[in-house]
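So the structure is just underneath, and the comments pick up after that.
The values are calculated or read from the model by the stated rules, or taken from the named source; none is laboratory data. Computed from a predicted structure; not experimentally measured. Cβ placement follows ideal geometry from the backbone for every residue including glycine, while neighbour counts extend to all protein chains displayed. Just so you know, the surface numbers come from the protein's heavy atoms only, side chains and all, with ligands and any DNA or RNA stripped out. Shrake-Rupley method; radii C 1.70, N 1.55, O 1.52, S 1.80 Å.
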Amino acid sequence: MAASRIPKDEERLVPSNFITEIIDEDLRSGKYDQIVTRFPPEPNGFPHIGHAIASFIDCGIARDYRGRCHLRMDDTNPLTEEMRYVEAIKRDMAWLGWDWGEHFYYASDYYDRLYEMAEQLIKEGKAYVDSLSEEEIREYRGTVEKPGKPSPYRDRTVEENLDLFRRMAAGEFEEGAHVLRAKIDMSAANMKLRDPILYRILKAEHYRTGGRWKVYPMYDFAHPLSDYIEGITHSLCSSEFIDNRAVYDWLVENLAGKCGLPEWPRPKQIEFGRRSLEYTVVSKRKLVQLVERGLVDGWDDPRLPTLAGLRRRGVRPQALTAFARKVGISRTDRTVDIALLEWAIRDDLNPLAPRVMAVTEPLKLVLTNYPEGELDELEAPYFPPDVGKPGSRKVPFGRELWVERSDFALEPPRGWKRLAVGGHTRLRHAYVVRIDEAVTNDAGEVVELRGVYLPESLGKNPEGVKVKGAVHWVAAGPALAAEFRLYDRLFKIPFPDAGEGSFLDHYNPDSLRILRGYVEPSVAADDPDTRYQFERLGYFWRDPVLGRGEQLVFGRIISLKDTWKKAEAKKREAGAATKTKPKPKREDKAAALDPEARETYERCLHLGVGEAEAVQIARSERLRTYLEDCSAHGPPALAAPWVVHVLGKAIRAGEVRVTPAGLMELLAQMEKGEFDRRTVKQALELAQEGSGEPLDLARKLAAEQIPAEELRRLIDEVLADNPDKVAELREGKTGLLGFFVGQVMRRSQGRANPEQVQGILKKRFDL
């Protein structure tokens, strides 16, 4: 393969970030000729959206530099790994578009060599067999504030260690009797260096090697050495392994050029911030509970975050790539708003999904002035003008139609713009109809509508008639019966892991609704893989498991807008109503808008903008124009709060200096984790004062903040200086968290990011 080269920014699949800056410098300095990365999943479960993001970083960066990315199964735990997971990983990675060619490996390929390296460390006096129990090892390791103490077995002779290790490998001892540990430094500030375990006894069948091995390497031992064996140049991993890097480097340093290891440049581990997603869980243990309790229908249930589930749901790999690009790469961990994923899915489907009509909860409409037994064919476009794609189909129209039950109101509320007795409503791509009668059953339920159509209204509004809104429909005779599976978020709260009680307590029982209705007949001739936008309902496709036979089963890929924000707003309003001085309801504010402003308000909600911001934007032409300009550069829902609350006064006054492109460029980097919200707000305020471009100002502000490694050192110093308060915090006195944040801020002279300090402390103390 040709040597790697630094790509131009416009050529990059993975946007420039701190990792690519390191790689660029490595190539300029000649440290590496070719960039080689690896994606090393453990085959103990089905890949999920987190794997999609990680593989985008590993494989995408290799592709950008014309290097290569190895796919390696990190199969060092025989208790949980299976070949079916290996096949699932290969299938899902190929679906995402990654090509590893001949470079597919298993860590178990290297078991013999790894065992040889372990013996080499023993022979050099750098590893020993420890006979302490697991609990004793933990006790001897010490704490963050207290150094560890050496095991009484640490000074065994080389001969004794070799004998014991070989007997461990021969299966002479029970599990837990001994482990092999590296001999590094029991007083190291980095606790990972306090004699980490390299091998443990496991008498379990391995899915590839069977019962041959009785000892298995730990991840911290197998991973760096597998990287070195394969010639990996940049070992990219999430931030949870930042402290493990010291062990990685120690092993490579002490085994380079030995045991047949080649003398090529040593690999470099680089950590990036983890990304978690709202309203879901990715822990295998928790996913197993969902499957085994029947809360979901197997590992490919479309509600799950597994790649198999997303694929069955109809999400395309292109949407996941776009999502990963938007999420970006930074050093800090962050939780991603699920609306960003939903936006990427909608944005991917919008230009390719033909529009057709379906009715999921049918109510019959009889047009009494239309001839019985006759059918007309109306021309309907597949795409709206803004998509700009050609194509149309014939839509049958007759005396009996199906409309959505929810589109009719027997007692319509104020502002109702759909079907009602005495009202005129347009049928999409067809005529205006007037409802004359609603037929009810003995229970008072509406079972049929009767009315007339206006023959002169095709393509135009009749004179003197006020038409309120438009609804979708299908002709009753030719329509095809279908099942519609409406998928929604799997949990009711954004962070089910952090909620009170079990995460299962927050399971959303309405995450799947099954409805039976009708779809227009044009879909019968389409490719079964076609993704549709069912007008006014959402994006759908035929379920690849249930809907590829004679029965039509459509699963909803994604709704047309975020309905959850509206639901949360209603909850907040309900809570506010109990106060003595309730604030005006948002619906009241929106109801006071004129028709044009109301249309803007509804369009903003459709785009995911919050209700409060949508009202403000609808009231101001300048805010509306500014937000529309922002939408050319990214999601308007991301921009709206900043447009209204930070720049709103200047925009309304016609004095805004921050351009829409400049704002979205800055917010895109914030979403990637480069800046926190405080830094972004400060940058926008300075830019509005004329101090420079927002992104440049934010980077300058961020550069003035303390680097991560120095911050960790300061935190360690503060903890070491306050052992009594550390003990109280460990005992549950969480109010001391503010004390420690304050101490770090003082010691850093205000340069530290308090949110980052708090995050590190919470992680350190499991808060």
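Distance from the alpha carbon centroid of the range 599-613 to that of the range 90-130 works out to 52 angstrom. In whole percent, and with a 1.4 Å probe on the protein chains, what portion of the accessible area of the chain is carbon and sulfur? Looking at the chain in its full context, I get 48 percent from C and S.
Dimensions of the range 335-466 based on its C-alpha atoms, expressed as ranges along the principal axes with the largest first, amount to 51, 36, 30 Å. Between T368 and H103, the simple label model (points 7 Å from Cα in the Cβ direction) yields a spacing of 7.5 nm. Which angle from 0 to 90°, rounded to the nearest 10, does the C-alpha axis of helix 660-671 make with the longest principal axis of the chain? With rounding to tens, the tilt is 50 degrees.
Treating each Cα of the range 37-144 as an identical point scatterer and summing with the Debye formula, the log10 of I(q)/I(0) at q = 0.22 Å⁻¹ comes to -1.10.
Residues of the chain: accessible area per residue at 1.4 Å, in Å²? Please list the in-between numbers first.
Values: 35320 Å² over 767 residues.
The answer is 46 Å² per residue.
Expressed as a whole percent, how much of the Cα-Cα distance distribution for the range 672-732 exceeds 15 Å?
Counting pairs separated by more than 15 Å, the tail of P(r) holds 62 percent.
Calculated mean residue ellipticity at 222 nm for the chain: -11000 deg cm²/dmol, from DSSP H runs with n ≥ 4 weighted as -39500 (n - 2.57), summed, divided by the residue count and rounded to 500.
Please report the base-10 log of the normalised intensity I(q)/I(0) for the range 23-93, using a Debye sum with one equal scatterer per alpha carbon and no solvent, at each q in 0.14, 0.19, 0.23 (1/Å). These q points yield log10 I(q)/I(0) values of -0.50, -0.76, -0.96. Its residue count N fixes a reference of 2.2 N^0.38 Å for the range 305-378, and the Cα radius of gyration divided by that reference is 1.84.
Each peptide in 264-274, 338-348, 702-712 receives the mean, over its residues, of other Cβ atoms within 10 Å, and ordering these scores from highest gives 338-348, 264-274, 702-712.
How far is the Cα center of the range 344-383 from the Cα center of the range 413-448, in Å? Cα centroid to Cα centroid, the span is 17 Å. Within the range 616-767, all pairs of alpha-carbon atoms sorted by distance into 5 Å bins from zero give the percentages 2, 9, 17, 16, 13, 10, 10, 9, 7, 4, 2, 0.
Net charge near R713, counting Lys/Arg +1 and Asp/Glu -1 over other residues with Cβ under 14 Å of its Cβ? All intermediate terms of the calculation are to be shown ahead of the outcome.
Details: positive: R712, R747, R751, R764; negative: D243, E709, E710, D716, E717, D721.
Neighbour charge sum, excluding R713 itself: -2.
Look at where the Cα atoms of the range 1-39 and of the range 249-297 average out, and the two centres are 22 Å apart.
For N190 and L504, what is the calculated FRET efficiency with R₀ set at 35 Å and r taken between the beta-carbons, to the nearest 0.05? So, using R0 = 35 Å, E works out to roughly 0.45. Once the Cα atoms are used to define both axes, helix 708-721 deviates from the longest principal axis of the chain by about 70 degrees.
Given Cα pairs under 8 Å that are at least 6 residues apart, what percent is the relative contact order of the chain? Reported as a whole number, the value is 8 percent. For the chain, C237, C259, C604, C630 stand unpaired, since no other cysteine beta carbon lies under 4.7 Å from theirs. Were the residues from A409 through R713 laid out at 0.36 nm apart, the gain over their Cα-Cα distance would be 102.9 nm. The C-alpha atoms of the chain define a longest principal axis, and helix 636-645 lies at about 90 degrees to it.
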